[in-house]
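A quick write-up on the structure given underneath.
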Amino acid sequence: MNLLRALRLPLLACLSALPLLASAAGPAQHGFSSLEETMPYATFKEFGLDRLSPEQLKGLNAWLREHGMPDSAGAAAAPPAAAAAPTARAFSSRIAGKFTGWSFDTVLTLENGQQWRVLDHDPVMANPRANPKVSLEPGMLGGWTLSVEGTPGIAHVEQVQ
């Protein structure tokens, strides 16, 4: 119960963004995305959500799915979808060189020259292979997620400047 009290304000901030996201997504995209899929890892960690057990996180996502704001609830207060849409776009590339997985602070270099730092603390191991295809997608609040073809899971990443 103390954890819920401690997370109340950060969760309210996240929940207040749900109507905006629902209106920006439009009627064709009404799937539920979990907090860990949509929230940048740095924010997820800042709110202490990384300390939840898998069962607690599953329960929180289930609650959000069941009690999320209806599409029309925030429509009047939400800006037009064009103004709310992120400017970042998903894209694909390939990892430059050999790939074996990632852990916290791993920097992955893409063939296009971009470098992305992994923010997740849980390591992911992969069968060694050269130049696998990688997909990057913008998340909420400016975060990014990265997935590598043939590797389970996603990594929350930030671009190295």
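Yes/no per residue for (1) assigned to a strand (DSSP E or B); (2) free of Cβ contacts under 8 Å to residues at least 24 places away in the same chain; (3) in contact with a strand residue (DSSP E or B) (Cβ under 8 Å, 6 or more places away or on another chain):
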position	(1), (2), (3)
105	no, yes, yes
109	yes, yes, yes
126	yes, no, yes
146	yes, no, yes
151	no, no, yes
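In segment 119-150, the qualifying residues are those that are more than 19 Å from residue 38 (Cα to Cα) and among the polar types (S, T, N, Q), and the one that is surrounded by the most Cβ atoms within 10 Å (Cβ to Cβ) is 131. Residues in segment 119-129 that are within 16 Å of residue 98 (Cβ to Cβ) and under 18 Å from the mean Cα position of the chain (by Cα): 124 alone.
Of the residues screened, residue 90 is one that is in contact with a strand residue (DSSP E or B) (Cβ under 9 Å, 6 or more places away or on another chain), at pLDDT 80 or above and of a type in the set (Gly, Ala, Ser).
The values are calculated or read from the model by the stated rules, or taken from the named source; none is laboratory data. Given the structure is predicted, the values throughout are model-derived calculations rather than measurements. Using ideal geometry, Cβ is built from the backbone for each residue, glycine included, and neighbour counts are taken over all protein chains shown.
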